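Notes follow once the structure below has been shown.
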Amino acid sequence: MDIRQFRHFATVAETLHFGRAAERLGITQPPLSQSIQALEKALGAPLFARTKRHVELTALGRQWLPHVREALAAVDALPDTARRLRDGQTGYLSLSFVSTADYSVLPDLVRRYAEAFPGVEIQLVEATSDVQVPAVLAGERHAGIIIPPPNRSLPAALAYRRLVSEPLVAVTPEAWAAEGPLDLGALADVPLVLFPRTVAPAFHDLVTGYVAARGQPVRIVQEAIQMQTIISLVSAGLGMALAPASLRKLARAGVRYVDLVDPPILETGLVWRRDEAAPTLQGLLRLVTEDGSAPD
(Lines give C-alpha, C1' and ligand atoms only; values in the text may rest on other atoms or scores of the structure.)
Protein backbone atom coordinates (compact mmCIF):
# COMPACT_ATOMS: atom_id res chain seq x y z
CA MET A 1 0.00 0.00 0.00
CA ASP A 2 1.14 3.55 -0.72
CA ILE A 3 -0.20 7.09 -0.59
CA ARG A 4 -1.17 7.01 -4.26
CA GLN A 5 -3.53 4.08 -3.63
CA PHE A 6 -5.06 5.92 -0.68
CA ARG A 7 -5.76 8.93 -2.93
CA HIS A 8 -7.30 6.63 -5.55
CA PHE A 9 -9.57 5.04 -2.94
CA ALA A 10 -10.66 8.39 -1.45
CA THR A 11 -11.45 9.85 -4.87
CA VAL A 12 -13.52 6.86 -5.97
CA ALA A 13 -15.30 6.94 -2.59
CA GLU A 14 -16.19 10.60 -3.12
CA THR A 15 -17.43 10.17 -6.70
CA LEU A 16 -18.68 6.55 -6.56
CA HIS A 17 -17.75 6.47 -10.23
CA PHE A 18 -14.49 5.09 -11.61
CA GLY A 19 -14.63 7.16 -14.78
CA ARG A 20 -15.16 10.50 -13.01
CA ALA A 21 -12.60 9.57 -10.37
CA ALA A 22 -10.01 8.77 -13.05
CA GLU A 23 -10.71 12.10 -14.76
CA ARG A 24 -10.29 13.97 -11.48
CA LEU A 25 -7.02 12.15 -10.79
CA GLY A 26 -5.73 12.79 -14.30
CA ILE A 27 -5.29 9.11 -15.17
CA THR A 28 -7.19 6.59 -17.28
CA GLN A 29 -9.72 4.24 -15.80
CA PRO A 30 -7.87 0.89 -16.19
CA PRO A 31 -4.86 1.89 -13.99
CA LEU A 32 -7.30 3.25 -11.40
CA SER A 33 -9.25 0.00 -11.31
CA GLN A 34 -6.02 -1.98 -11.01
CA SER A 35 -4.85 0.25 -8.14
CA ILE A 36 -8.10 -0.29 -6.21
CA GLN A 37 -7.97 -4.03 -6.84
CA ALA A 38 -4.36 -4.17 -5.56
CA LEU A 39 -5.39 -2.23 -2.46
CA GLU A 40 -8.30 -4.57 -1.80
CA LYS A 41 -6.02 -7.56 -2.25
CA ALA A 42 -3.56 -6.12 0.26
CA LEU A 43 -6.40 -5.54 2.73
CA GLY A 44 -7.93 -8.93 2.13
CA ALA A 45 -11.42 -7.50 1.71
CA PRO A 46 -13.38 -5.44 -0.87
CA LEU A 47 -13.78 -1.70 -0.42
CA PHE A 48 -16.46 -1.26 -3.09
CA ALA A 49 -19.46 -3.24 -4.21
CA ARG A 50 -19.54 -2.93 -8.02
CA THR A 51 -22.08 -3.59 -10.71
CA LYS A 52 -22.02 -2.44 -14.33
CA ARG A 53 -24.11 0.58 -13.43
CA HIS A 54 -23.49 1.15 -9.74
CA VAL A 55 -20.58 1.56 -7.29
CA GLU A 56 -20.99 1.81 -3.53
CA LEU A 57 -18.75 1.49 -0.51
CA THR A 58 -18.74 -1.70 1.49
CA ALA A 59 -19.04 -1.57 5.27
CA LEU A 60 -15.24 -1.75 5.46
CA GLY A 61 -14.89 1.03 2.92
CA ARG A 62 -17.28 3.34 4.79
CA GLN A 63 -15.50 2.83 8.12
CA TRP A 64 -12.00 3.09 6.64
CA LEU A 65 -12.63 6.24 4.60
CA PRO A 66 -12.40 8.75 7.52
CA HIS A 67 -9.05 7.25 8.53
CA VAL A 68 -7.73 7.49 4.98
CA ARG A 69 -8.88 11.10 4.69
CA GLU A 70 -7.15 11.93 7.98
CA ALA A 71 -3.94 10.29 6.79
CA LEU A 72 -4.05 12.13 3.46
CA ALA A 73 -4.64 15.45 5.22
CA ALA A 74 -1.62 14.80 7.42
CA VAL A 75 0.52 13.97 4.38
CA ASP A 76 -0.68 17.09 2.55
CA ALA A 77 0.26 19.17 5.58
CA LEU A 78 3.84 17.86 5.71
CA PRO A 79 5.36 20.46 3.34
CA ASP A 80 3.86 23.33 5.33
CA THR A 81 4.97 21.70 8.58
CA ALA A 82 8.50 21.41 7.20
CA ARG A 83 8.50 25.09 6.23
CA ARG A 84 7.23 26.08 9.68
CA LEU A 85 9.91 23.95 11.34
CA ARG A 86 12.55 25.46 9.04
CA ASP A 87 11.42 28.98 9.94
CA GLY A 88 11.17 28.27 13.67
CA GLN A 89 7.40 28.79 13.68
CA THR A 90 6.72 25.40 15.26
CA GLY A 91 8.64 22.78 17.24
CA TYR A 92 10.01 23.38 20.72
CA LEU A 93 12.51 25.55 22.56
CA SER A 94 14.23 24.13 25.64
CA LEU A 95 15.43 26.94 27.91
CA SER A 96 16.92 26.64 31.39
CA PHE A 97 17.29 29.56 33.81
CA VAL A 98 18.70 30.52 37.19
CA SER A 99 16.16 31.34 39.89
CA THR A 100 17.19 35.01 40.00
CA ALA A 101 16.16 35.42 36.32
CA ASP A 102 12.60 34.59 37.29
CA TYR A 103 12.29 38.15 38.63
CA SER A 104 14.29 39.99 35.98
CA VAL A 105 14.71 38.95 32.33
CA LEU A 106 12.82 35.64 32.11
CA PRO A 107 9.15 36.73 32.22
CA ASP A 108 9.49 39.42 29.56
CA LEU A 109 11.71 37.28 27.32
CA VAL A 110 9.30 34.33 27.44
CA ARG A 111 6.30 36.59 26.85
CA ARG A 112 7.88 38.20 23.80
CA TYR A 113 8.98 34.86 22.40
CA ALA A 114 5.52 33.33 22.88
CA GLU A 115 3.95 36.30 21.10
CA ALA A 116 6.40 36.08 18.20
CA PHE A 117 6.26 32.28 17.88
CA PRO A 118 2.89 31.09 19.22
CA GLY A 119 3.28 27.68 17.55
CA VAL A 120 6.46 26.80 19.47
CA GLU A 121 6.30 24.81 22.70
CA ILE A 122 8.53 26.46 25.33
CA GLN A 123 10.11 24.00 27.77
CA LEU A 124 11.42 25.83 30.85
CA VAL A 125 13.74 24.21 33.40
CA GLU A 126 15.03 25.98 36.52
CA ALA A 127 18.64 25.09 37.30
CA THR A 128 21.78 26.61 38.74
CA SER A 129 24.46 27.82 36.36
CA ASP A 130 26.81 24.91 37.14
CA VAL A 131 24.10 22.47 35.97
CA GLN A 132 23.07 24.50 32.94
CA VAL A 133 26.45 24.82 31.25
CA PRO A 134 27.12 21.06 30.82
CA ALA A 135 23.48 20.51 29.83
CA VAL A 136 23.74 23.09 27.04
CA LEU A 137 27.10 21.64 25.97
CA ALA A 138 25.55 18.16 25.79
CA GLY A 139 22.65 19.40 23.68
CA GLU A 140 20.09 18.70 26.40
CA ARG A 141 18.98 22.35 26.32
CA HIS A 142 18.94 24.81 23.45
CA ALA A 143 20.08 27.65 25.71
CA GLY A 144 20.41 28.69 29.32
CA ILE A 145 20.07 31.91 31.29
CA ILE A 146 23.04 31.88 33.66
CA ILE A 147 25.17 33.99 35.94
CA PRO A 148 28.48 33.86 34.05
CA PRO A 149 31.76 33.00 35.76
CA PRO A 150 34.35 35.75 36.26
CA ASN A 151 35.61 37.16 32.97
CA ARG A 152 32.92 35.05 31.25
CA SER A 153 35.35 32.15 31.20
CA LEU A 154 33.06 29.66 29.46
CA PRO A 155 34.00 26.70 27.25
CA ALA A 156 35.01 27.76 23.74
CA ALA A 157 32.10 25.79 22.25
CA LEU A 158 29.62 28.13 23.92
CA ALA A 159 28.48 31.56 22.84
CA TYR A 160 27.29 34.12 25.37
CA ARG A 161 25.24 37.31 25.33
CA ARG A 162 24.63 39.60 28.29
CA LEU A 163 20.96 40.15 29.05
CA VAL A 164 21.02 42.40 32.10
CA SER A 165 23.32 43.89 34.73
CA GLU A 166 21.78 45.01 38.01
CA PRO A 167 22.97 46.05 41.47
CA LEU A 168 22.60 43.82 44.48
CA VAL A 169 20.54 45.01 47.43
CA ALA A 170 20.51 43.89 51.03
CA VAL A 171 17.62 41.71 52.13
CA THR A 172 17.20 41.96 55.89
CA PRO A 173 14.64 40.76 58.42
CA GLU A 174 11.99 43.43 58.85
CA ALA A 175 12.82 43.66 62.56
CA TRP A 176 16.27 45.05 61.72
CA ALA A 177 14.67 48.28 60.48
CA ALA A 178 17.74 49.01 58.36
CA GLU A 179 17.72 52.18 56.26
CA GLY A 180 19.50 52.58 52.94
CA PRO A 181 21.87 53.12 51.50
CA LEU A 182 23.32 50.55 53.87
CA ASP A 183 27.06 50.39 54.51
CA LEU A 184 27.94 46.86 55.60
CA GLY A 185 31.20 48.15 57.00
CA ALA A 186 29.26 50.03 59.66
CA LEU A 187 27.48 46.92 60.93
CA ALA A 188 28.66 45.00 63.97
CA ASP A 189 27.83 41.66 62.38
CA VAL A 190 26.81 40.41 58.92
CA PRO A 191 25.31 36.92 59.18
CA LEU A 192 24.82 35.79 55.58
CA VAL A 193 22.26 33.49 53.96
CA LEU A 194 23.77 32.53 50.62
CA PHE A 195 24.01 30.07 47.75
CA PRO A 196 26.61 27.30 48.27
CA ARG A 197 29.74 28.07 46.28
CA THR A 198 29.59 24.64 44.63
CA VAL A 199 26.37 25.51 42.78
CA ALA A 200 26.76 29.28 42.27
CA PRO A 201 30.46 30.18 42.45
CA ALA A 202 30.15 33.50 40.57
CA PHE A 203 27.30 34.80 42.74
CA HIS A 204 28.88 33.41 45.93
CA ASP A 205 32.21 35.10 45.21
CA LEU A 206 30.53 38.38 44.25
CA VAL A 207 28.74 38.53 47.60
CA THR A 208 31.57 37.33 49.82
CA GLY A 209 34.08 39.53 47.99
CA TYR A 210 31.89 42.59 48.55
CA VAL A 211 31.39 41.79 52.24
CA ALA A 212 35.12 41.27 52.75
CA ALA A 213 35.92 44.50 50.89
CA ARG A 214 33.66 46.39 53.34
CA GLY A 215 35.87 45.16 56.20
CA GLN A 216 33.56 42.43 57.46
CA PRO A 217 34.41 38.78 58.15
CA VAL A 218 32.47 36.43 55.88
CA ARG A 219 30.09 34.54 58.17
CA ILE A 220 27.64 32.28 56.36
CA VAL A 221 24.92 31.07 58.73
CA GLN A 222 22.75 29.20 56.25
CA GLU A 223 22.90 28.07 52.61
CA ALA A 224 20.13 27.37 50.07
CA ILE A 225 20.08 26.71 46.33
CA GLN A 226 17.01 28.79 45.43
CA MET A 227 16.64 32.53 45.88
CA GLN A 228 13.05 32.15 47.08
CA THR A 229 14.29 29.86 49.86
CA ILE A 230 17.00 32.33 50.80
CA ILE A 231 14.42 35.10 51.15
CA SER A 232 12.26 32.81 53.30
CA LEU A 233 15.21 32.11 55.61
CA VAL A 234 15.84 35.84 55.93
CA SER A 235 12.18 36.38 56.83
CA ALA A 236 12.66 33.79 59.59
CA GLY A 237 15.38 36.03 61.06
CA LEU A 238 18.31 33.68 60.37
CA GLY A 239 20.42 36.38 58.75
CA MET A 240 20.62 38.75 55.80
CA ALA A 241 21.18 38.16 52.11
CA LEU A 242 22.36 40.06 49.09
CA ALA A 243 20.05 39.69 46.11
CA PRO A 244 19.52 41.27 42.68
CA ALA A 245 17.48 44.46 42.82
CA SER A 246 14.78 42.78 40.69
CA LEU A 247 14.00 40.55 43.69
CA ARG A 248 12.08 43.50 45.12
CA LYS A 249 9.24 42.08 43.00
CA LEU A 250 9.15 39.11 45.38
CA ALA A 251 6.92 40.64 48.02
CA ARG A 252 7.59 38.62 51.14
CA ALA A 253 6.28 39.36 54.62
CA GLY A 254 8.99 39.81 57.22
CA VAL A 255 11.75 41.11 54.94
CA ARG A 256 13.02 44.50 53.88
CA TYR A 257 14.96 45.35 50.69
CA VAL A 258 17.60 47.99 51.32
CA ASP A 259 19.96 49.72 48.87
CA LEU A 260 23.68 49.24 49.45
CA VAL A 261 26.56 51.70 49.41
CA ASP A 262 28.59 51.09 46.21
CA PRO A 263 26.66 47.89 45.45
CA PRO A 264 28.22 45.04 43.51
CA ILE A 265 26.78 44.46 40.04
CA LEU A 266 25.38 41.09 39.01
CA GLU A 267 25.35 40.11 35.35
CA THR A 268 22.91 37.61 33.85
CA GLY A 269 23.16 36.33 30.30
CA LEU A 270 22.18 33.77 27.70
CA VAL A 271 24.48 30.89 26.78
CA TRP A 272 24.13 28.47 23.85
CA ARG A 273 26.24 26.18 21.70
CA ARG A 274 27.89 27.98 18.80
CA ASP A 275 27.05 25.10 16.45
CA GLU A 276 23.42 24.83 17.56
CA ALA A 277 21.30 25.49 14.46
CA ALA A 278 17.81 24.79 15.83
CA PRO A 279 15.47 27.30 14.13
CA THR A 280 13.58 27.86 17.40
CA LEU A 281 16.83 28.95 19.05
CA GLN A 282 17.65 31.27 16.14
CA GLY A 283 14.30 32.97 16.74
CA LEU A 284 15.20 33.50 20.39
CA LEU A 285 18.60 34.92 19.45
CA ARG A 286 16.97 37.37 17.05
CA LEU A 287 14.72 38.58 19.86
CA VAL A 288 17.69 38.99 22.20
CA THR A 289 19.63 40.91 19.55
CA GLU A 290 16.67 43.18 18.81
CA ASP A 291 16.48 43.88 22.54
CA GLY A 292 19.89 45.54 22.32
CA SER A 293 21.63 43.14 24.68
CA ALA A 294 25.42 43.27 24.69
CA PRO A 295 27.18 40.65 22.53
CA ASP A 296 29.67 38.17 23.92
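If the Cβ limit is 7 Å and pairs must be 6+ apart or interchain, which residue in the stretch 83-94 that is within 10 Å of Thr280 (Cβ to Cβ) and assigned to a strand (DSSP E or B) pairs with which residue that is of a type in the set (A, V, I, L, M, F, W, C) and at pLDDT 85 or above?
Gly91/Leu85; Gly91/Val120; Tyr92/Val120; Leu93/Val120; Leu93/Ile122; Leu93/Leu281; Leu93/Leu284
If you go through the stretch 38-48 one residue at a time, do you hit one that is assigned to a helix (DSSP H, G or I), buried (at least 16 other Cβ atoms within 10 Å of the Cβ) and not assigned by TED's automatic domain parsing to the domain that holds Ala143?
yes
Say we look at the stretch 105-124 and pick out the residues that are assigned to a helix (DSSP H, G or I) and free of Cβ contacts under 8 Å to residues at least 60 places away in the same chain; which of these is nearest to the chain's Cα centre (by Cα)?
Val110
Restricting the search to the stretch 18-37, which residues are surrounded by 14 or more Cβ atoms within 10 Å (Cβ to Cβ) and either touching a residue at least 60 places away in the same chain (Cβ under 8 Å) or not in a helix (DSSP H, G or I) (or both)?
Listed by number, the list holds a single entry, Ile27.
Would you pick out the residues in the stretch 134-174 that are in contact with a Gly (Cβ under 9 Å, 6 or more places away or on another chain) and part of a loop (DSSP other than H, G, I, E, B)?
Across the stretch 134-174, the qualifying residues are Ile147, Pro148.
Contact list please: Cβ distance under 8 Å, first residue in the stretch 1-17 and over 17 Å from Thr51 (Cβ atoms), second residue of a type in the set (Ser, Thr, Tyr) and surrounded by 17 or more Cβ atoms within 10 Å (Cβ to Cβ), pairs at least six apart or on different chains.
Listed by first residue and then by second, the contacts come to Arg4/Ser35; Gln5/Ser35; His8/Ser35.
For Leu93, indicate whether it is under 48 Å from the mean Cα position of the chain (by Cα), surrounded by fewer than 16 Cβ atoms within 10 Å (Cβ to Cβ) and not basic (Lys, Arg).
So Leu93 fails the test.
Leu206 is checked against (1) in the same structural domain as Leu242 (by TED's automatic domain parsing); (2) part of a strand (DSSP E or B); (3) buried (at least 18 other Cβ atoms within 10 Å of the Cβ) and fails just one. What number does that condition carry?
(2)
The values are calculated or read from the model by the stated rules, or taken from the named source; none is laboratory data. Given the structure is predicted, the values throughout are model-derived calculations rather than measurements. When we count neighbours, we look across all protein chains shown, and the Cβ atoms used for this are built from the backbone with ideal geometry, even at glycine.
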